[in-house]
Amino acid sequence: MKTIIEPFRIKSVEPIRMTTRDERQAILAKAHYNLFSIPSRDVLIDLLTDSGTAAMSAEQWGALMRGDESYAGSPSFERFESAVRNLMPFRHIIPTHQGRAAEAILFNLLGGPGLIIPSNTHFDTTRGNIEATGAEARDLLIAEGHDPQSLHPFKGNMDIARLEALLAKEQASVPCVMLTITNNASGGQPVSLDNIKATAALARRFGKPFFIDGCRFAENAWFIKTREAGQDQRSIVEIVREVFAHADGMTMSAKKDGFANIGGWLALNDETLASEARSRLILTEGFPTYGGLAGRDLDAIAQGLSEIVDEDYLRYRVRVNEYIVERLVDAGVPVMRPAGGHAVFLDAKAMLPHIPSLEYPGQALACALYEEGGIRGCEIGSVMFGLQPDGSEKAADMEYVRLAMPRRVYTQSHADHVIETTLAVHERRAGLRGMRVSKAPIRLRHFTCQFEPV
Ligand code: F0G
């Protein structure tokens, strides 16, 4: 087949409300140029996040009805647990209401003042949960990962030499080693099986437990299968099992590669740690057989996990972003290459060199995409990372706009609309103006701050 088609047909639809440019200009002004403040009914193509935004399958909707809402010992939990363990062979599977709840429990047990927790790149909730315990979250990404134009096949990899140096120098201060697959904060770039093995081996050599943030494990396995030497004959399930066999535990948001609208888990091999985690779970999430979820959510996740490893789905999933990136690159639009698993990252710093970082080129670009074509993306740059704990501002390394693809939601003509809109904004890029912050909370300002055009 020449065209990689959406490997599903649609049996339930939601209308998209069309808006005019004039309406969108008024909506933007009313939202003070913060896209988080725009009601979703005013968005044509919503690429704010791929988290919790997937379309469930008919089988998942069916599974919801099978959900058993017993407080303790629900069969929904048994189905959930065996679906997780089928892919990730951990001894203890502890459900949580979403990924950050698993992180909060894990780092409450392992974090603390003066400690350092290394990863390829921590996602911001992971970083937040580590820092909330007084520990430092340290990113040790390979150099190629910082270069938007590098075509390294595994730009999400851990820098093994720097990890080794850290462990050798600060052994007593490092309670565990982490790895995020795929590497969301640095472009949805994958981590190779080789790099996972090398990270695990180093952690073992220094006697440290090794945890994987596995939110996008299936996309990562697809990249291993298609890009890593000697992997193309293996099934996705085989690769996934091997990846997690190297780890001592994992945190997971089922809102990504669980195909669910809510949910997550913490998985562990260590008996003592698992027992402490369950005690905390009961305090903050719920009984260990539901962990803050309804029984029906557990069933939706169990079914979702059997669908996410489907190769036809993964081929189409990754192809959508490649298709967009190829067309943007052909037209000279600066984007992060190669295409990531869950998102396209536009390089606003390169596209809008006339806008200084602290006038937020990413925010200007995100607003222009909305005005032009009703597309909602997310700034990942100086708005998100520029505000320092002492209240001062510092430019972020990169100024990206992330266009994150909800799973199984949009079609190829929607992707074409994203391309056309981005090209139209690129054409008139010289006329885009920067932004200034007119009102901001003291932290995590990107969610609620207000802007005005410069
Ligand atoms: N880890 C990674 C790599 C993530 O991308 C996310 C969420 C989390 C952990 C936290 O999971 O949302 O279920 O609590 N990422 C979303 C995003 C919010 O838009 O990238 P959660």
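The values are calculated or read from the model by the stated rules, or taken from the named source; none is laboratory data. Source: prediction; values computed, not measured. Every residue, glycine as well, gets a Cβ built from its backbone with ideal geometry; the counts of neighbours run over all protein chains shown. For accessibility, only protein heavy atoms count, side chains too; no ligands or nucleic acids. Shrake-Rupley method; radii C 1.70, N 1.55, O 1.52, S 1.80 Å.
Please report Rg over Rh for the range 310-435, where both radii come from the alpha carbon positions and Rh follows the Kirkwood definition.
Expressed as Rg/Rh, it is 1.00.
Partner aspartates and glutamates whose Cα lies under 16 Å from the Cα of LYS11, excluding those fewer than 8 positions away in the same chain, are identified as GLU59.
Simple spin-label estimate for PHE447 and PHE36 gives 0.6 nm between the two label positions (7 Å along the Cα-to-Cβ direction from each Cα). Loop-located trypsin sites (Lys or Arg not before Pro) in the range 14-72 (DSSP state not H, G, I, E or B) with no more than 15 neighbouring Cβ atoms inside 10 Å: ARG17. Over the residues of the chain, the helix contribution to mean residue ellipticity at 222 nm works out to -12500 deg cm²/dmol, using -39500 (n - 2.57) for each DSSP H run of at least 4. Backbone geometry of the range 37-49 corresponds, through the Karplus equation with coefficients 6.51, -1.76 and 1.60 at θ = phi - 60°, to 3J(HN,Hα) couplings of 8, 8, x, 5, 5, 8, 10, 7, 10, 9, 10, 5, 7 Hz, x marking Gly and Pro. Normalised by 2.2 N^0.38 Å, where N counts its residues, the alpha-carbon radius of gyration of the chain equals 0.96.
Per residue, the accessible area of the range 58-307 comes to 36 Å², computed with a 1.4 Å probe over protein heavy atoms only. Phi angles of the range 236-243 translate, via the Karplus equation with coefficients 6.51, -1.76, 1.60 and θ = phi - 60°, into HN-Hα couplings of 4, 4, 4, 5, 4, 4, 5, 3 Hz per residue; Gly and Pro are given as x.
Of the chymotrypsin sites (Phe, Trp or Tyr not before Pro) in the range 63-93, the ones in a loop by DSSP (not H, G, I, E or B) with at most 15 other beta carbons within 10 Å are TYR71.
Computed packing ranks the peptides 4-13, 321-330, 295-304, 353-362 as 295-304, 353-362, 321-330, 4-13, most packed first, by mean other Cβ atoms within 10 Å. Sorting 32-38, 182-188 by average packing, meaning the other beta carbons within 10 Å per residue, from highest down gives 182-188, 32-38. Bridgeable aspartates and glutamates around LYS349 (alpha carbons under 12 Å apart, same-chain partners fewer than 8 residues away excluded): GLU359, GLU379, ASP397, GLU399. Taking the alpha carbon gyration tensor of the range 360-427, multiplying each eigenvalue by 5 and rooting it gives semi-axes of 27, 13, 8 Å, largest first.
Taking amide H as placed 1.01 Å from N in the peptide plane, ILE117 has its amide H under 5 Å from the amide H of GLU136, ALA137, ARG138, each at least 5 places away in sequence or on another chain.
3J(HN,Hα) along the range 57-62, derived from phi through the Karplus expression 6.51 cos²θ - 1.76 cosθ + 1.60 where θ = phi - 60°, amounts to 7, 4, 5, 5, 4, x Hz, with x in place of Gly and Pro. Of LYS197/LYS225; LYS394/LYS439; LYS30/LYS255, which pairs sit farther than 23 Å apart, going by alpha carbon to alpha carbon? Cα-Cα > 23 Å for LYS30/LYS255; rest within. Close amide H partners of THR180, meaning residues 5 or more places away or on another chain with modelled amide H under 5 Å apart, are ASN120, THR121, ASP213.
The equivalent ellipsoid that matches the C-alpha gyration tensor of the range 58-307 spans semi-axes of 29, 22, 15 angstrom, in descending order. With a 1.4 Å probe and all protein chains left in place, how much of the accessible area of the range 58-307 comes from carbon and sulfur atoms, in whole percent? Here carbon and sulfur together make up 51 percent of the probe-accessible area. Between amide H atoms placed 1.01 Å from N, distances below 5 Å from ARG436 occur with GLU452, VAL454, all of them 5 or more places distant or on a separate chain.
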